Amino acid sequence: MLKHIQVTLGAAATPAIAAKTPCVFAVAQPDDGNSNPVFFGGAGVTTATGLRLQNSATDPPRQTFGPFGQPEAFNLAELFFVGTATEKVNICYVEA
């Protein structure tokens, strides 16, 4: 099933979702209203260690995760974002 969530960044690394969520495909994109880049990675991600999603109101970059088969589904709760507090990341994903 295709689902969509919007993650609001906090002061520290923010998980994509709170509960364990196995998924086979996901697309993450910074919100058009953001002024700054967003970084993603594991639980300890920082702006110095994460992979960068540059903000652009005209053509925001996207990061895809997958596709993965059922046995290899990844847990969306293990994906974290960090950046400027209150800015947002939009995620569409296919739950396993």
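Here are some notes:
- If you go through the stretch 27-54 and keep only what is assigned to a loop (DSSP other than H, G, I, E, B) and surrounded by fewer than 17 Cβ atoms within 10 Å (Cβ to Cβ), you end up with Asp32, Gly33, Ser35, Asn36, Gly42, Ala43, Gly44, Thr46, Thr47, Ala48, Thr49, Gln54.
- Residue count, the stretch 13-29 (criterion: in contact with a Phe, Trp or Tyr (Cβ under 9 Å, 6 or more places away or on another chain) and under 19 Å from Val94 (Cα atoms)): 11
- In the stretch 55-96, the residues that are in a loop (DSSP other than H, G, I, E, B) and at pLDDT 70 or above: Asn55, Ala73, Leu79, Gly83, Thr84, Ala85, Thr86, Glu87, Ala96
- The condition (being among the aliphatic types (A, V, I, L, M), at pLDDT below 95 and part of a strand (DSSP E or B)) is satisfied by just one residue among Val24, Val7: Val24.
- Leading residue by the ranking (farthest from Asp32 (Cα to Cα)) among those in the stretch 72-96 that are in contact with a helix residue (DSSP H, G or I) (Cβ under 9 Å, 6 or more places away or on another chain) and surrounded by 15 or more Cβ atoms within 10 Å (Cβ to Cβ): Ala96
The values are calculated or read from the model by the stated rules, or taken from the named source; none is laboratory data. Owing to the predicted nature of the structure, the values given are computational and were not obtained by experimental measurement. Every residue, glycine among them, receives a Cβ derived from its backbone with ideal geometry; neighbour counts consider all protein chains shown.
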